[in-house]
Each structure stands twice: as structure tokens, then as C-alpha cells.
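Below: the structure, in C-alpha cells.
The values are calculated or read from the model by the stated rules, or taken from the named source; none is laboratory data. Note that the coordinates shown come from a computational prediction; the quantities given were computed from them, not determined experimentally. Here the Cβ positions follow ideal geometry from the backbone for every residue, glycine too, while neighbour counts run over all protein chains shown.
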Amino acid sequence: MAELDAKPAAAEKGTRTKTNKKSIRVDLTAMVDLAFLLITFFILTTTLQKPKTMDLVMPDKEGDHTMPVPESRTMTVLIGAKDKLEWFMGSPAKPLSTPVVDGFGKDGIRKALLAQSERVKQASNGEDMIVLIKAGAHSNYANIVGIMDELNIANIQKRALVDITPDEVNLLKRDHIEE
């Protein structure tokens, strides 16, 4: 609330009379209360960022879960250090295409995924491509999430996270992707 304090001017001995000067004092208690109420309201009504998780279906530890995969429909993606990856079609022992060092993004692995997926569908009467993802020792979790995102964008549903073999580690070292 605002208050006006009127103080009478002191009477002087002259003929002139002074006008009363009023001091203004503004009480900001209500404004502070309102500010705290608004802050409390906005804190309580905002939604906190929900944690984002990635769903992975992993097989049980027990039993042998290996199944033959046709090499002509298989693309292997090796994730190395420094946000780089290497991909090839077929198996590491006898690749159907030369290994290509690539990066992430629309001009990198996404372009390769889309092109190879289309080529596999045409060659195998509409069968989907299978992508094997193998992470090197110096790859990071963000790159695994990145390749999963790229597979979702390319609409490739058949994928597997597989352990990397020593031959594939040597391939990454040869191309200076793994340390």
C-alpha cells in the first residue's frame, strides 16, 4: 500500500507561508508476496524434462542365439574413436564392398544406409537389410545412440549390437580410426 505522510510546515515569522511537502512511501510487501506466489506457481506447474531412454531388446545370456545371416543382405558398421565409423557389406573375412570410412549425419552414414538398403531390397526381392553394429574400445555411448538414430531415420528395423572381432579392430587401426 502507498502512504502519504503529510507533515505540516513549521510556522515562520515572515509573511510568506510555505506549502506542505508530502513525503511518499511505497510499501512493497504486497508486490514481494505476489512475486513469490508467481515464482511458486511457475515452478510447480512446469514439467521437468523427462529422461530419454533407448529401448533395446537383448537376448538371454543362456543358450546359443546365433543364427545364420545372409552376407548379401548384411551391412557391418564399425564404430571407432573420434566420431568416425567404418562400414562394409558382407562379412569381414570376405567383404562384398570395400570398407568405407565415414562420419555421422545426412552426408555420412545416413546416405550409405539409404543407398545400401535400397540396393539390397532390389537385389533380394524386397527383403530388408540387416545391420550389425560393432563398437570399438574407444567409441563412446553418444555414437551408439547416433547410429541407432540414423537407423531409425533410414527405417531399418533389422539390427544387432555385436561384439567386435580382432580382425575388425585391426581394420579400424589400419584406417586410423581406433588407437
Ala142 fails exactly one of (1) under 13 Å from Ile79 (Cβ atoms); (2) touching a residue at least 12 places away in the same chain (Cβ under 8 Å); (3) small (Gly, Ala, Ser), namely (2)
For segment 67-90, pairs from a residue that is over 25 Å from Gln122 (Cβ atoms) and of a type in the set (Asp, Glu) to a residue that is at pLDDT below 90 and surrounded by fewer than 16 Cβ atoms within 10 Å (Cβ to Cβ), with Cβ under 8 Å and 6 or more apart or across chains, are Asp83/Gly103
